[in-house]
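**Q** Got a structure for you, questions after.
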Amino acid sequence: MKTCRICDHKIEPFMSFGKMPIANGFLNKSEFEKEYFFEMKVSFCENCYMFQLDEQPDATMMFHENYAFFSSLSKYMQKHFKSFAHFVMELIPLPEKNSFVIELGSNDGIMLEHFKNANYRHLGIEPSSNVAKVALEKGINTLSNFFDLNLANEIYNEHGLADAIICANVMCHIPNLNDIAKGIARLLKPNGLLIFEDPYLGDMVKKVSYDQIYDEHVFIFSAHSVAKAFGTSGLELVDLIPQTTHGGSMRYVLAHKGSHKASKSVIQILEEEKSLGLNKIETFNKFKLNCEASRDSLRELLEGIRIKGETVVGYGATSKSTTVLNYCNLNTDHICYISDTTPIKQNKYTPGMHIPVKSYDFFKSDVPKYVLLFAWNHSDEIFEKESKFSEQGGRWIRFVPRVEII
Ligand code: DWN
């Protein structure tokens, strides 16, 4: 019997996805033998409503000098982070007032560069040194380190308090969330704001997008669980803004208790979550059955194509694809290679199932009939980019929100 990572309440996993490799652990053939695996089980805490991984590999196995994800590779995400930055600028004092912005997990500076260009005092914290280096080369103040209460104190001594602490697709990666919340409360000005967004539990349950569950995502948040987790550090929800990014995310705005008036959306979305049952274990027992059904129909569909002697290639060697490939036990019999625009992933093999990752040029040189869309959260951008594929009779296979050929 384990205890909850947030409230120490006793918890029991409600499902297992089986043995999983490191989601972004793209590797060479020579590394196959020593590849690391862990059993990926998930739990739901009925006391603080936190959806969480039972076991998470050590952070240094996931975030390091060869981290394989660069945020700026998506044009849509570049636009999204520009608007996120301006959303924050609207809520804090102008740079002339010496306002200070800190971003946790600032990656290659895709968002913080807008604050730099607008002359805000800013600081990025990015543990993966290779992506931090890209930001530093853009002149963005970046510390390559993991954020915790100690680092918060060091930042306070050197820079003082912050008007805003922001992050995107990062907070749900941090297992010692209680310590982080204390560090943030320590660093925020009395009327400062914490603003972060992450894949949303409500969307994951509705769309059965189980591929949001992988080693880096130790939590999948809801407004209920965020309110509880940050409440113990004196921070409360003041706004909730649903986002379409990453297949459905939520932007959480928090502040020191009593410092800001909460918007109507906070009550409204908490009510919606109750009606969706995001505070009940039964919802996740049902989610388990939906995941199994999705897995079985994807396998069946790909088996059917294989028996017909047709080939399928994958589009986007996402972290999410590692969960799908290993949970559904899909190998090169089903998918002969996956195309990806990320140089560090190309000419390597996917974690666990060892499917070759090829460049986009390779994909364009021989476009097959069937393409399995692993980067479904970027479907608008990809369908626009690949419009000729469908016109020339190409068929997309997708598995979120349902398994189908389109
Ligand atoms: O939370 C996380 C999110 C923000 O990013 C991280 N833990 C890791 C990562 O997750 P992911 O790998 O599932 O993210 P994406 O954004 O779904 O990855 C898209 C992948 O697809 C990238 O490897 C780039 C590739 N891609 C492509 O080959 N052609 C993407 C687009 C848009 C394209 O046109």
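The values are calculated or read from the model by the stated rules, or taken from the named source; none is laboratory data. Keep in mind it's a predicted model, so treat the numbers as computed, not measured. So basically every Cβ, Gly included, is an ideal-geometry build from the backbone, and we count neighbours across all protein chains shown. For accessibility, only protein heavy atoms count, side chains too; no ligands or nucleic acids. Shrake-Rupley method; radii C 1.70, N 1.55, O 1.52, S 1.80 Å.
**Q** Suppose each label sits 7 Å from its Cα in the direction of the beta carbon; what would the residue 66-residue 362 distance come out to in nanometres?
**A** The answer from the label model is 1.7 nm.
**Q** Please give the net charge around residue 279, taking every other residue with its beta carbon less than 12 angstrom from that of residue 279, where Lys and Arg add +1 and Asp and Glu add -1. Can you show the working numbers first?
**A** Working: positive: 228, 274, 280; negative: 46, 271, 272, 273, 282.
Here the count lands on -2.
**Q** A further question follows. Return a whole-number percent for the relative contact order of the chain, with Cα pairs under 8 Å and 6 or more residues apart as the contact set.
**A** Details: 791 pairs, mean separation 62.3, N = 406.
With pairs under 8 Å counted, the relative contact order is 15 percent.
**Q** Grab the other residues whose beta carbon is less than 15 angstrom from that of residue 331, score K and R as +1, D and E as -1, and report the net.
**A** Details: positive: 19, 29, 295, 299, 306; negative: 35, 303, 333.
Every neighbour counted, the sum reads +2.
**Q** Which whole-number percentage describes the relative contact order of segment 293-364, with Cα contacts under 8 Å and a sequence gap of 6 or more? Numbers along the way, then the final one.
**A** Details: 100 pairs, mean separation 20.4, N = 72.
Once normalised by length, the contact order is 28 percent.
**Q** Shifting gears a bit: Where does helix 177-187 land angle-wise versus the long Cα axis of the chain, in degrees 0 to 90, nearest 10?
**A** 40
**Q** Of all DSSP beta bridges located in segment 305-406, what percent are antiparallel, nearest 5?
**A** Percentage antiparallel, nearest 5: 20.
**Q** Of 112, 191, 149, which is farthest along the charge dipole of segment 83-235 in the positive direction, counting Lys and Arg as +1 and Asp and Glu as -1 at C-beta?
**A** Farthest towards the positive end: 191.
**Q** With no solvent and one point per C-alpha, what does the Debye sum give as log10 I(q)/I(0) for segment 340-406 at q = 0.17 Å⁻¹?
**A** -0.69
**Q** Please determine, in degrees from 0 to 90 and to the nearest 10, the orientation of helix 281-307 with respect to the longest principal axis defined by the Cα atoms of the chain, where the helix direction is its Cα long axis.
**A** Helix 281-307 sits at roughly 30 degrees to that axis.
**Q** Could you give the size of the charge dipole of segment 22-158 about its Cα centre, using +1 on the Cβ of each K and R and -1 on the Cβ of each D and E, expressed in debye and rounded to the nearest 20? Show your work: numbers first, answer last.
**A** Numbers: 11 positive and 19 negative charges, 148 e Å.
Using only the charged Cβ atoms, the result is roughly 720 debye.
**Q** With 23 Å as the limit, write out which pairs from 41/358; 10/261; 2/280; 228/257; 133/385 have Cα-Cα distances beyond it, or answer none. Let's see the in-between values first.
**A** Values: 41/358 31 Å; 10/261 34 Å; 2/280 18 Å; 228/257 13 Å; 133/385 30 Å.
Check vs 23 Å cut-off fails for 41/358; 10/261; 133/385.
**Q** Mind jotting down a quarter of the surface of the convex hull over the alpha carbons of segment 2-53, in square nanometres, one decimal? Please list the in-between numbers first.
**A** Working: hull surface 17.2 nm².
The directionally averaged projection comes out at 4.3 nm².
**Q** Summarise the long-distance tail of P(r) for segment 206-258 by giving the % of C-alpha pairs beyond 19 Å.
**A** Values: 492 of 1378 pairs.
That tail contains 36 percent of the Cα-Cα pairs.
**Q** Can you put 100, 26 in order of accessible area, largest first, using a 1.4 Å probe? Working shown, then result.
**A** Values: 100 0, 26 25 Å².
These residues rank, largest area first, as 26, 100.
**Q** Could you compute how fast segment 1-90 diffuses translationally, taking Rh as the Kirkwood radius over C-alpha pairs and applying Stokes-Einstein at 20 °C with viscosity 1.002 mPa s? Give it in µm² per second. Display every interim value, and only then the final one.
**A** On the way: Rh = 16.4 Å.
It comes out at roughly 131 µm²/s.
**Q** Determine the share of the chain's accessible area contributed by carbon and sulfur atoms, expressed in whole percent, with a 1.4 angstrom probe.
**A** On the way: 8620 of 16980 Å².
Carbon with sulfur: 51 percent of the solvent-accessible area.
**Q** Express the accessible area of the chain per residue in Å², computed with a 1.4 Å probe while the remaining protein chains stay in the model. Let's see the in-between values first.
**A** Details: 16980 Å² over 406 residues.
Roughly 42 Å² per residue, with all protein chains present.
**Q** So for the chain, what percent of the C-alpha to C-alpha distances run longer than 41 Å?
**A** 13
**Q** Once you charge only the Cβ atoms, +1 for Lys and Arg and -1 for Asp and Glu, what is the size of the charge dipole of segment 200-297 about its Cα centre, to the nearest 20 debye? Don't jump to the answer; show the numbers that get you there.
**A** Details: 12 positive and 12 negative charges, 65 e Å.
Dipole about the Cα centre, nearest 20: 320 debye.
**Q** When a/c reaches 1.5 or more, the comparison of a/b and b/c decides; with that in mind, is segment 216-338 rounded, prolate or oblate per its Cα gyration tensor? Please report the intermediate quantities before stating the final value.
**A** Working: a/c = 3.33, a/b = 2.50, b/c = 1.33.
In terms of gyration-tensor shape, prolate.
**Q** Now for a separate question. If you fit an axis through the alpha-carbon atoms of helix 75-91 and take the longest principal axis of the Cα set of the chain, what angle between them do you get, 0 to 90°, nearest 10?
**A** Between the helix axis and the principal axis of the chain, the angle is about 10 degrees.
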